Amino acid sequence: MARPRVVITGGAGFIGSHVADALVGEAEVVAIDHLKAGKRANLAKAIQAGATLVKRDLLRGDLRPIFRRADVVYHFAANPDVRLDRRGTKPTIDENIVATHRVLEACRAASVPRIVFPSTSTVYGEAKVVPTPEDYSPLEPISVYGASKLAGEALLSAYAHTFGVQALVFRLANVVGPRSGHGVVVDLVRKLARNPKRLEILGSDPGTAKSYVHLDDVVTGIRAGERGASGPFSGYNLGSEDAITVRTIADAICQELGLDGVEYAWTGGAGGGRGWTGDVRTMQLAIDRLKRTGWRPRRTSEQAVRAAARDAWTSIHETRAT
């Protein structure tokens with residue numbers, strides 16, 4: 001039998017490249033990436049095993065040929081920054097909403113049977129129920145990033161019910177692990193590499209309290225959700241079973257890296273412990289729906305952070321050595 005054909009947008013990115021690694025042994029994997037944020041090096045292992053990398057901007061040209069004969073599309077291409085930069089909202093709207101619509105249109109034309117989409121815990125906004133279940137309402141994101149991902153979810157639901165594609169959405173907690181280019185763990189490790197005596201931390205002590213999930217648990221969780229999905233649209237929370245504060249993260253990182261007596265310098269942030277406007281103060285996802293498939297996260301939030309800190313520290317020193 002012919003192997004299934006899998007297309008991964010954002011395939012050279014943090015999560016996408018790990019999904020490519022997981023699938024390349026059983027499928028024909030085509031990774032699509034414009035290589036502005038994603039890195040070719042992230043796909044080295046998958047390419048060696050037979051994956052193909054196509055450099056392409058999803059906001060340009062006819063996308064239909066990319067998705068022909070695809071059995072499943074993992075649409076992981078996105079602007080992942082929760083914080084807005086000097087460019088304002090346009091990159092988030094273009095890369096997270098316009099690009100998603102273009103991908104869905106191309107998939108519709110190519111009769112792709114299944115699309116998998118990583119969403120985010122930030123679609124819940126400042127939820128009053130924590131841990132927060134998938135059926136929580138109202139969904140009131142407080143960041144443009146969260147709003148853009150919620151718009152993507154709505155588009156997938158509409159296309160699933162209108163055009164017959166099966167759509168799966170995974171609302172992710174904060175994902176950490178190898179190849180990550182941003183986020184609190186990478187940020188703090190980079191600062192400690194520059195100055196192991198003083199650590200600037202966004203927000204006010206003890207900071208926000210959130211769930212962190214390791215990339216390995218994300219990949220296995222997505223695969224479990226796919227196996228358990230039925231009907232046109234399925235949505236799952238995917239995270240760990242606890243939450244930790246930013247101070248706990250900083251303490252764990254310093255301990256993991258063998259650094260004693262580090263002075264913490266809190267910036268004050270946007271109030272309520274937030275590091276910036278749009279930062280959710282408390283987040284933990286109820287993951288019972290995904291657990292019913294038999295999946296369980298292997299790491300707690302702190303264990304995930306410690307493993308990610310070791311990876312980031314190693315990556316920084318390997319880069320310096322070259």
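The values are calculated or read from the model by the stated rules, or taken from the named source; none is laboratory data. Since the structure is predicted, the reported quantities are computational estimates derived from the model, not experimental observations. Cβ atoms come from the backbone with ideal geometry, glycine included; neighbour counts cover every protein chain shown.
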Qualifying residue in the stretch 68-80 (condition: touching a residue at least 60 places away in the same chain (Cβ under 8 Å) and in contact with a His (Cβ under 9 Å, 6 or more places away or on another chain)): yes
Pairs with Cβ under 6 Å, 6+ apart, first in the stretch 7-20 and in contact (Cβ under 8 Å) with a residue 12 or more places away in the chain, second among the hydroxyl-bearing types (Ser, Thr, Tyr): 8/74; 14/180; 19/74
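A quick yes/no check of all residues on (1) touching a residue at least 24 places away in the same chain (Cβ under 8 Å); (2) more than 22 Å from residue 83 (Cα to Cα); (3) crowded, with 16+ Cβ neighbours inside 10 Å:
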| site | (1), (2), (3) |
| --- | --- |
| 202 | yes, no, yes |
| 210 | yes, no, yes |
| 227 | yes, yes, no |
| 235 | yes, yes, yes |
| 250 | yes, no, yes |
| 263 | yes, yes, no |
Residue 148, sole failed condition from (1) in a helix (DSSP H, G or I); (2) not assigned by TED's automatic domain parsing to the domain that holds residue 95: (2)
Conditions (1) in a loop (DSSP other than H, G, I, E, B); (2) of a type outside the set (Lys, Arg); (3) surrounded by 22 or more Cβ atoms within 10 Å (Cβ to Cβ): number failed by residue 182: (3)
Residue that is out of contact with any helix residue (DSSP H, G or I) (no Cβ under 8 Å at 6 or more places or on another chain) and not in a helix (DSSP H, G or I), where the choices are 315, 240, 230: 230
Filtered residue count, the stretch 155-179, keeping only those that are of a type in the set (Gly, Ala, Ser) and either under 25 Å from residue 131 (Cα atoms) or not assigned by TED's automatic domain parsing to the domain that holds residue 41 (or both): 4
